[in-house]
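The values are calculated or read from the model by the stated rules, or taken from the named source; none is laboratory data. These numbers were taken from a predicted model, which means no experiment stands behind them. Quick reminder, even Gly has a Cβ in these numbers, built from the backbone with ideal geometry, and neighbours come from all protein chains shown. Only protein heavy atoms, including side chains, enter the accessible area calculation; ligands, DNA and RNA are left aside. Shrake-Rupley method; radii C 1.70, N 1.55, O 1.52, S 1.80 Å.
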Amino acid sequence: MTETDFLPDPYTNLPTEGKVTWKAPSNIALVKYWGKKTNQIPANPSVSFTLDACATTTTIFFTRKKDTSQFSFDLFLEGKSKEDFKPKIQVFFERIERYIPFLKSYHFKIETSNSFPHSSGIASSASGMAALALCLVDMEKVMNPEMGKDFFNRKASFLARLGSGSACRSIEGDLIQWGEHKPIADSSNLYGIKYPFKVNPVFKNFHDTILLVHKGQKQVSSSVGHNLMHNHPYAERRFGQAHENMENLKTIFSEGNLEGFIKVVESEALTLHAMMMTSMPYFILMKPDTLQIINKIWDYRKDTKIPICFTLDAGANVHVLYPESAKEKAIQFIQDELVAHCENGHYICDRIGNGARKLLENTQ
Ligand code: PMV
């Protein structure tokens, strides 16, 4: 599909008012997206586990308005008006207006809340943009009831990408691929797709315990970080490596090869941070506790042979990944050894999930 496939036909019935609620999860990349071209086109393919517990719930109340010359919306986070988030939504609306032409015909009241603490250092942009995109496509579906489920998900992913790249992997579960990669015929730079190849059941029940090492705002935003991949001395090699790791994962997933999985996933995490450390200007998002956790995981794995590993986002927090079979031992180890490195001892137990869902009245 191309961009023009997401341009709707003229709408026949615009409802006067209504509301819609979606809950969208966060996701954690195994092969990382780092570096982009214009219009949020990724420089390399990525693949992620959709999460379950870490999610954003968004309700939009929409009312038809007469003046269609500009966007009009109010934004509330956890019930409080959030003026400082408005520019991001304004930019998002500008980017998606072509594809959602009714945007200026409504006033929107956007109420959003996260399942994780606001200042946890967990990026809410993926789940937040995914939830908002889903609400808007859901509105469009009212005007175009013929829209099928596949197109619905694809358009939501396409729009979410225009808000925050990785958000396009937060629509469906449980393993999502995004970015053109020749061996995956349906892969696209425009939206995420369900990982199309065989995946051994061991990867269907994975856990992700997120250790909140540093809850503050990170010093460098991911959009600045992505841009530093332009003219980066190692960029081309890195983009090539991402393709290679996509290929490596194909056999690893089908064979249920945990050892191979650990190698790819940890190397991807460290490469992401190596790109930050070797860009100009250079920066470090890991904290001393991040490194201590990584070393403890390595020691523990060596001593016990338990297949537990880590990955990192663009921040100091550590995602500890392990299969269902290692759950009890892993949690014990995390509590005994790793929680001491978390800010205020805080961590979140999450796991691989099935994607976003619509919430009806009175449901959570
Ligand atoms: O979606 P963005 O622009 O916030 O970029 C996120 C990039 C990483 O989280 C570091 C990697 C990824 O693939 O999710």
On the protein heavy atoms, probe 1.4 angstrom, tell me the percent of accessible surface of the range 170-323 carried by carbon and sulfur.
53 percent
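Decide, for the range 116-196, between rounded, prolate and oblate: order the square roots of the alpha carbon gyration tensor eigenvalues as a ≥ b ≥ c, take rounded if a/c falls under 1.5, and otherwise choose prolate if a/b is larger than b/c, else oblate.
Numbers: a/c = 2.21, a/b = 1.08, b/c = 2.05.
Judged from the Cα gyration tensor, the range 116-196 comes out oblate (a/c at least 1.5, b/c at or above a/b).
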Of 231, 249, 306, which is farthest along the charge dipole of the range 201-351 in the positive direction, counting Lys and Arg as +1 and Asp and Glu as -1 at C-beta?
231
List the aspartates and glutamates whose alpha-carbon lies under 20 Å from that of residue 155, not counting same-chain residues fewer than 8 positions away?
3, 5, 9, 94, 97, 138, 140, 146, 172, 174, 180, 186
Alpha carbon centre of the range 1-22 versus the range 259-313: separation in Å?
42 Å
With every protein chain in place, what's the accessible area of residue 181 (1.4 Å probe, Å², nearest 10)?
10 Å²
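Quick check for me: using +1 on Lys/Arg Cβ and -1 on Asp/Glu Cβ, what's the dipole size of the chain about its Cα centre, in debye to the nearest 20? Mind dumping the intermediate values first?
On the way: 42 positive and 40 negative charges, 84 e Å.
I would put it at about 400 debye.
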As a test of reading the structure, rank 178, 298 by solvent-accessible area (1.4 Å probe, protein chains only), most first.
298, 178
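Taking every DSSP beta bridge with both residues inside the chain, roughly what % is antiparallel (nearest 5)? Let's see the in-between values first.
Values: 52 of 58 bridges.
Percent antiparallel among DSSP bridges in the chain is about 90.
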How much accessible surface area, in Å² rounded to 10, belongs to the heavy atoms of residue 150 with a 1.4 Å probe?
120 Å²
Amide H of residue 172 versus every other amide H placed in the peptide plane: which residues, excluding those fewer than 5 positions away on the same chain, fall under 5 Å?
356
Once you have the Cα-Cα distance between residue 327 and residue 231, take 0.36 nm times their residue separation minus that, and quote the gain in nm to one decimal.
30.3 nm
Taking a 32 Å limit on the Cα-Cα distance, which of the listed pairs 80/263; 149/287; 198/305; 109/250 fall beyond it?
80/263; 149/287; 109/250
Can you pull the accessible area of residue 154 for me, 1.4 Å probe, Å² to the nearest 10?
70 Å²
To the nearest 10 degrees, how steep is helix 235-255 against the longest Cα principal axis of the chain, on a 0 to 90 scale?
80 degrees
Extent of the range 146-190 along each principal axis, from alpha carbon coordinates, in Å, largest to smallest?
32, 23, 19
Using 0.36 nm per residue of separation minus the Cα-Cα distance, give me the extension gain between residue 254 and residue 76 in nm, one decimal.
59.7 nm
Just want the answer: with Cβ charges of +1 for Lys and Arg and -1 for Asp and Glu, which residue in 159, 200, 175 is farthest toward the dipole's positive end in the chain?
159
Ordering 141, 302 from largest to smallest accessible area (1.4 angstrom probe), what's the sequence?
302, 141
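Would you kindly calculate the mean projected area, averaged across all directions, of the convex hull enclosing the Cα atoms of the range 3-197, in square nanometres? Write down the numbers at each step before the final one.
Working: hull surface 44.1 nm².
Here the figure is 11.0 nm², rounded to one decimal.
At 25 °C and 0.890 mPa s, grab the translational diffusion coefficient of the range 238-362 from Stokes-Einstein with a Kirkwood Rh over Cα pairs, rounded to a whole number in µm² per second. Working shown, then result.
Values: Rh = 16.3 Å.
The calculation lands on 150 µm²/s.
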Computed magnitude of the charge dipole of the range 1-123 (debye, nearest 20; Cβ of K, R +1, Cβ of D, E -1):
160 debye
On the principal axes of its Cα set, how long, how wide and how thick is the chain? Give whole Å, largest value first.
67, 44, 42
Rounded to the nearest 10, the angle in degrees between the Cα long axis of helix 149-163 and the longest principal axis of the Cα atoms of the chain comes to 80 degrees
What angle do you read, to the nearest 10 degrees and between 0 and 90, between the alpha-carbon axis of helix 288-304 and the longest principal axis of the chain?
60 degrees
